[in-house]
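Input: a single structure, listed below in structure tokens.
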Amino acid sequence: MRRLRQRIAHSEEQCDALAGEETLERELHLIVSRLDDFAAPGGRRLEDLEWAKKRESLRALVRRVEIGVEQVHVVFRVDALPGASDPEKKACNFVGGVVSPVLSNLFLHYAFDAWMTRTFPGTPWCRYADDGLVHCKSEQEAHAIKAALSARLTECGLELHPDKTQIGYCKDGSRKGRYPKTQFDFLGYTFRPRVVKNRKRNSVFVNFTPAVSSAALKAMRQTTRRRNFRNRSALSLEDIAHYHNPVLRGWLEYYGRYDPSAMYPVLRHFNQTLIAWAMRKYRRLKGHKRRASRFIERIAQRQPHLFVHWQREMIGAFA
């Protein structure tokens, strides 16, 4: 029965992957067909080009990308093409499309990346999709770059998010100024002052460091809750490990890279889920949470390689 369940799960994963590939292929064909309509007067058929040349043609034809909450409009530049009458045409309106982030990233490369490198060559910055971070040396420089960036994005048909675009102070043991905002969230991490240990000197000090954010912790617990392992008594612990270990491994590899101890609330929540599963699966443990806790704890001691966080000695508490 266990092998049968594993085969069924593997088949479902293959079906989901094929469905995702088919969706991506349909949207790519739609983009190419729309680009053919714009490029046809120039005598260029994009379907005959290699993907590298298609990308270059896309960069030449795209004028701007209008990114909304629910949809993405791609505005193509057609005024330079022979036979083009309208100054611009809208095409490829994707709602939740899997290629929409690719198009927006392609546009922001020119609207933000290249502009920042050209305009502020000595200022460090980073960007992932539509989230960006600029490191400034002073508050005056931060306000100046924010104003310049707002004007740049306005020229490109975009705007800074009024609530998410903020200026924060990286406070630590050396920078002791008083400012209203001394922390921020970026890519699932919260950057704020924390007490850390210097292992070489065996001393502690305050440093501005990242750790997994509260929103990311909540999302991970919700993912575990949606999988409903506590009520799936037909599964064995090995089955749960087969389904959830890839998820746990991804969380620990990404969010546990800095300050791994901040991941303990998620790991403890998963341990509590295993306890609830044991209480439902075994009649002798029904209604006995302490007994079920000791049961799972003994399994963790006997089989420390069963779950990813047990392998890394991040077993945590079961009570």
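The values are calculated or read from the model by the stated rules, or taken from the named source; none is laboratory data. In this text, all values refer to a predicted model and were calculated from it rather than measured experimentally. Methodologically, a virtual Cβ is constructed for each residue, glycine included, from the backbone with ideal geometry; neighbour enumeration extends over all protein chains shown. Accessible surface is based on the protein model in full, side chains and every heavy atom, while ligands, DNA and RNA are left aside. Shrake-Rupley method; radii C 1.70, N 1.55, O 1.52, S 1.80 Å.
Here are some notes:
- Pick from the stretch 100-134, criterion within 27 Å of Q183 (Cβ to Cβ) and part of a loop (DSSP other than H, G, I, E, B), ranking: least open to solvent (accessible area, probe 1.4 Å): T123
- Set side by side, the residues K137, K181 differ, and just one is assigned to a loop (DSSP other than H, G, I, E, B) and either closer than 30 Å to F107 by Cα or at pLDDT 90 or above (or both), which is K137.
- Restricting attention to the stretch 155-184, the residues that are open to solvent by 100 Å² or more (accessible area, probe 1.4 Å), more than 22 Å from K137 (Cβ to Cβ) and within 24 Å of the chain's Cα centre (by Cα) add up to 4.
- When restricted to residues that are in a helix (DSSP H, G or I) and either farther than 30 Å from L274 by Cα or in contact (Cβ under 8 Å) with a residue 12 or more places away in the chain (or both), the stretch 184-224 contains 8.
- Residues that are in contact with a Lys or Arg (Cβ under 6 Å, 6 or more places away or on another chain), surrounded by 17 or more Cβ atoms within 10 Å (Cβ to Cβ) and among the β-branched types (V, I, T) do not occur anywhere in the stretch 225-245.
- Selection count where residues are open to solvent by 40 Å² or more (accessible area, probe 1.4 Å) and modelled with pLDDT of 90 or more, scope the stretch 261-281: 6
- Residue that is modelled with the lowest pLDDT [pool: residues in the stretch 288-319 that are at negative phi, assigned to a loop (DSSP other than H, G, I, E, B) and surrounded by 15 or more Cβ atoms within 10 Å (Cβ to Cβ)]: F318
- In the stretch 199-218, the residues that are surrounded by 11 or more Cβ atoms within 10 Å (Cβ to Cβ), closer than 22 Å to G173 by Cα and out of contact with any Phe, Trp or Tyr (no Cβ under 9 Å at 6 or more places or on another chain): V204, F205, V206, N207
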